[in-house]
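See below for the structure under consideration.
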Amino acid sequence: MTQSSPHGQTTDSAAIRFEYDDGTLDVVDTVERRRYSLSLSSPAAPTVTSGASFRFPVDGAVAVETDAITVPTVIAVYVRDADGRMLTETGKFAEESFPDGAYSLELCAPMKLYVRIEGPFEISADATRMAIEFPERDTVSIGARSKHDRPAATITTTDEPEDVMAAISTFSSALKTTSPERSYPTLRGHPPTIERGSALSIPDELSPPETGITIEVPPTLRHAYVVAPLAYYLGATVEPGDEAQIRTESGFVHPLGIDDEFETEVERALKQSFFFDCITRTEGLYPIDLHERRAIERHVDLDFAALYDRPIGEQLAAYLSEPYSTIEPHLPEWKLTSHVATTPSSIEMLPFLVNDMAVVRTPDTQRVSPARAETTAIEGFLRNSSTRSTREVASATAPQTESYVEPAPTGSLEQVWVGDETPMGASKATPQAYRNHLAREQSSGDVSITVVCNDPEMDEERDLVDDVYGSREELPFEVTAHRDLTRAELRSVLETDADFLHYIGHIEPDGFECADGRLDATTLEEVGVDAFLLNGCRSYDQGMALIDGGAIGGIVTLTDVINVGAVEIGATLARLLNNGFPLRAALEVAKGENVIGEQYIVIGDGGMSIAQTESGAPAVCDITKVDNGFELVFKTYTTDIEGIGSLIVPIIGSNENYYLNSGDIDTFSLSTRELEDFLTFDGIPLRIDGKLYWSDEFSLTDI
C-alpha cells in the first residue's frame, strides 16, 4: 500500500518546500515531516517571493493570484493590521469581514504559516473547513517557517559541579525573548548541547540574557541538574552557594528548600512562573480569551496588564508571592518528569531534558528483580486466557541479566529515566538518540513506513497494521511490507532510510530471528530507520543497538510477550502512531488496553512522532453517559512541535475557549446531538469504561 506525494511545481526553500498541483498548494516542512494543504480557487501557479514583507521570520514564501484560500481544517487565525496590532482571532463558525487595508494573518498550522494581504477580505468557517475570500482575484503572499529548532553551539564541560553550573547558565541564550511570550514553545529555543571534556569551554557566541536573576545552590551535580530547567526558563545564572535560593537584582529572595524539600520547591517555582507567564502573555501579542486566566484571576492578587511590561525579575517576585496551593488545581498537567542519575554521564542529557521543559528529579526508586518482571508477564498472560498451555506460560520469562528500577510515580503525563538501569514504568533516554534526531536530514515530506513480519503466527497483526498505516488520505505515506526475510534481506531493510519500522516476529537479546538464522543489530554498518516498534519477545537489547547505530526512538519489550496480547498492543500502537501520537504518549494510551503493555517501554527520544496530528495535538476522550446527556473529558498530549505552553481550542459542542495544551483540560457536557457531531471526526481515540474505541468505529449504543 503506497501513497505518493502530489506531482507538479515544487518550490524549495531550506526547511520549507511549496508544492503546487491543480489548485492545491502543499506547504511541506521537510525537517519535521509536516504537511499542510491550501486549496486555491485560481489555476495560476505560485511564484517565489521575498519573505521580507512578513512581520515574523519565514523560511520561504510564494505569491499566489487567487480569490479564495481554503484550509482543510478549522484552525485559529490571528489577524493583525499593518502595525502588528492584533485585530481579532477567528476559529470555528467564524464570519468576519475586513475593509480595504494591509493585513497579516497567522494560521496555526503544523508549521508557522502567514498570509500577507493588501485589500479587503472575509474569513468564514463551519465545523470542519475554513475559507479566506477576496471580492476579486488578488495577489497575496504566503510565508512559512519550520517549527524545528537546532542548538546554536556545543559546550564542553568537566564533571566538576561548578563547571556544570557555568554550562547550565548559558542554556537561556536559546530564549528568543524574556517576555512572558517565552512560555510559547516556539519562542524558547533549544539550549546548546553539552560534551564532557578535560576543561570548560563555552563558545563566545552564546550570550544569555541579562535578567538579573541568580539561582544559588550547593555545588553538587544533584543540585545543578535539578535547577537546570528553572535556570533556562528564567534566564538565570547558576552559582554555588550555601543555601538553595533564587535572587533578583532588586533584592527579592525566594528559598528553594533543603534536603527532600529542594526538588519539590524547584519544581513548584518552575511551574508557577511558567503558568503565570501563560496568563500574563494574554496582555501582549496574543490577547486571547484563555480558560486558565478566567479560572485563576479571581483567586490571586495580580494585575496582569501591569505585570506584562515589568522586568522579568519583578514579574517573578510577583508570581512567587502567591501561594502555590492557590494555583495547583489550575495548572496544566506537566508533560514530562525525568529521573536523572546524579552521575557525570547524565550531563549530556541535560539540554534535551531542558528543551522539553522536563521536571528534573534525582532517583527515588526501588529495585525490581527480574523475577518481578517475569511474574508480571505471566500474571497478565493468565488473565487474558484460561486455556494457555504450560509451555506457553513458561515462555513468559524476563532476561536475567538486566538491572531494573521502578521510578516513583509523579503527576506528569510521562516519565523518563536517565541512567544505566532499565526502568519499568518510564521510558529510557540516551543522549545518542537525541543527537541522532538533531542530525536527521531533510526529506520529501512523505512518511515512509516499513512493516516486516518474520513470524507466520503473527500474520493477524500484519494484516491489521497494513490497514492502518497510510490510511489518512490527506497525508502522503509510502508503506512497504515484507515477510519471512533472511538475514541479508533484513539487514538491507534496517540500513535503508525509513521514518518508521514496525517489526513483527521473534527476537532474542542477541538478534532478530530470520528465515536463515539470527541477525544481530550491533553488526549493522549503519541504521537508516528513524523510529521503530519491535513487537517481539525481549527486544530491548536489539532496540538499543538500533539507537546506537543511528535510530532516534522506539518501542521495545522487556520480557517474552504472548502472541495474542502482542497483536492487540501492536494494532493499537499502529493506529495511535498513525494518528500523530508521539512514541511515549502512544505507549501510555496503549498500555491501558492490555496488561502485558507493562512489558513494553520506549527507548531513545520518546517525544518523536512519525506522523502529524489532524488537529494541533493528539487527544483521548473519556466519555460517560449522564442523566441529561454525556460528559466528555478531553485529554491532550504535547508533541515536539506543540510543546507545553501551546494552545488548543477543542472543537466540541459550542466551545470557543482556548486552553493550555497538556493533560485533562476540561470536562464538557454534551447533548446526544453534540456528541454525534463530535464523533464525525475521524480517528479520535475514545475511552468508555476504560476500554479504547475509535470515533469512526463507534456507536452511541456502545455506551
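All conditions in (1) outside any loop (DSSP other than H, G, I, E, B); (2) over 22 Å from MET349 (Cα atoms); (3) under 19 Å from the mean Cα position of the chain (by Cα) hold for ILE555, with the sole exception of (2).
Pairing residues of region 175-187 that are free of Cβ contacts under 8 Å to residues at least 12 places away in the same chain with residues that are open to solvent by 40 Å² or more (accessible area, probe 1.4 Å), at Cβ distances under 8 Å and at least 6 apart in sequence or on separate chains, gives THR177/LEU187.
Only residues that are within 23 Å of ASP356 (Cβ to Cβ), charged (D, E, K, R) and not in a strand (DSSP E or B) were counted across region 104-158, and they come to 3. What do you reckon, is VAL620 part of a strand (DSSP E or B), open to solvent by 10 Å² or more (accessible area, probe 1.4 Å) and either in contact (Cβ under 8 Å) with a residue 60 or more places away in the chain or in contact with a Ser or Thr (Cβ under 6 Å, 6 or more places away or on another chain) (or both)? Taking the combined requirement at face value, the residue does not satisfy it.
Let's see how each residue does on (1) among the charged types (D, E, K, R); (2) at pLDDT below 95; (3) in contact with a Pro (Cβ under 6 Å, 6 or more places away or on another chain):
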position	(1), (2), (3)
GLN315	no, no, no
THR362	no, yes, no
ARG367	yes, yes, no
LEU382	no, yes, no
GLU392	yes, yes, no
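Tell me which residues, restricted to region 57-71, are open to solvent by 50 Å² or more (accessible area, probe 1.4 Å) and either under 29 Å from ILE651 (Cβ atoms) or not in a strand (DSSP E or B) (or both).
To start, the set of residues in region 57-71 that are open to solvent by 50 Å² or more (accessible area, probe 1.4 Å) comprises 57, 59, 65, 67.
Listed by number, the residues that qualify are PRO57, ASP59, ASP67.
Residues in region 212-235 that are open to solvent by less than 10 Å² (accessible area, probe 1.4 Å), assigned to a strand (DSSP E or B), farther than 16 Å from THR170 by Cβ and touching a strand residue (DSSP E or B) at 6+ places or on another chain (Cβ under 6 Å): there are none.
Residue by residue through region 536-552, note down the ones that are open to solvent by 10 Å² or more (accessible area, probe 1.4 Å) and either of a type in the set (D, E, K, R) or under 19 Å from the mean Cα position of the chain (by Cα) (or both). Correct list: ARG538, ASP541, ASP548.
Within the set ASP510, ASP516, ASP484, ASP520, the sole residue that is at pLDDT 90 or above, open to solvent by 20 Å² or more (accessible area, probe 1.4 Å), at positive phi and of a type in the set (Asp, Glu) turns out to be ASP484. Within region 570-617, the set of residues being in a loop (DSSP other than H, G, I, E, B) and closer than 25 Å to GLY550 by Cα comprises ASN579, GLY580, PHE581, PRO582, ASP605, GLY606, GLY607, MET608, SER609, ILE610, ALA611, GLN612. Test ASN657 against the criterion of being touching a helix residue (DSSP H, G or I) at 6+ places or on another chain (Cβ under 6 Å), of a type outside the set (Ser, Thr, Tyr), in contact (Cβ under 8 Å) with a residue 24 or more places away in the chain and closer than 21 Å to ALA571 by Cβ, and give yes or no. Criteria not met by ASN657. The set of residues in region 72-94 being more than 27 Å from ILE651 (Cα to Cα) and open to solvent by 30 Å² or more (accessible area, probe 1.4 Å) consists of ALA82, ASP83.
Could you please give the count of residues in region 394-442 that are open to solvent by 30 Å² or more (accessible area, probe 1.4 Å) and modelled with pLDDT under 85? Matching residues across region 394-442 total 10.
Close Cβ contacts (under 8 Å, 6 or more residues apart or on different chains) running from residues in region 485-497 that are under 13 Å from ALA551 (Cβ atoms) to residues that are open to solvent by less than 70 Å² (accessible area, probe 1.4 Å) and assigned to a helix (DSSP H, G or I) comprise LEU494/ALA521; LEU494/LEU546. Does at least one position in region 509-516 carry a residue that is in contact (Cβ under 8 Å) with a residue 60 or more places away in the chain, of a type in the set (A, V, I, L, M, F, W, C) and not in a helix (DSSP H, G or I)? Looking for residues that are in contact (Cβ under 8 Å) with a residue 60 or more places away in the chain, of a type in the set (A, V, I, L, M, F, W, C) and not in a helix (DSSP H, G or I), one finds at least one in region 509-516, hence yes.
So, in region 629-639, of the ones that are touching a residue at least 40 places away in the same chain (Cβ under 8 Å) and more than 21 Å from ASP277 (Cβ to Cβ), which residue ends up farthest from the chain's Cα centre (by Cα)? So that I can check it myself, show each step before the final result.
Step one: of region 629-639, the residues touching a residue at least 40 places away in the same chain (Cβ under 8 Å) are 629-630, 632, 637-639.
The next check asks that each one be more than 21 Å from ASP277 (Cβ to Cβ); those that pass are 629-630, 632, 637.
Numbers: GLY629: 33, PHE630: 29, LEU632: 23, TYR637: 7 Å.
The selected residue is GLY629.
Just so you know, in region 588-601 the residues that are at pLDDT 90 or above and open to solvent by less than 10 Å² (accessible area, probe 1.4 Å) include one that is nearest to GLY570 (Cα to Cα), and it is ALA590.
The values are calculated or read from the model by the stated rules, or taken from the named source; none is laboratory data. Worth saying up front: this structure is predicted, and the values here are computed from it rather than measured. Note that we place each Cβ from the backbone using ideal geometry, even for glycine, and neighbour counts take in every protein chain shown. When the accessible area is computed, the model is the full protein with side chains, heavy atoms only, and any ligands, DNA or RNA have been set aside. Shrake-Rupley method; radii C 1.70, N 1.55, O 1.52, S 1.80 Å.
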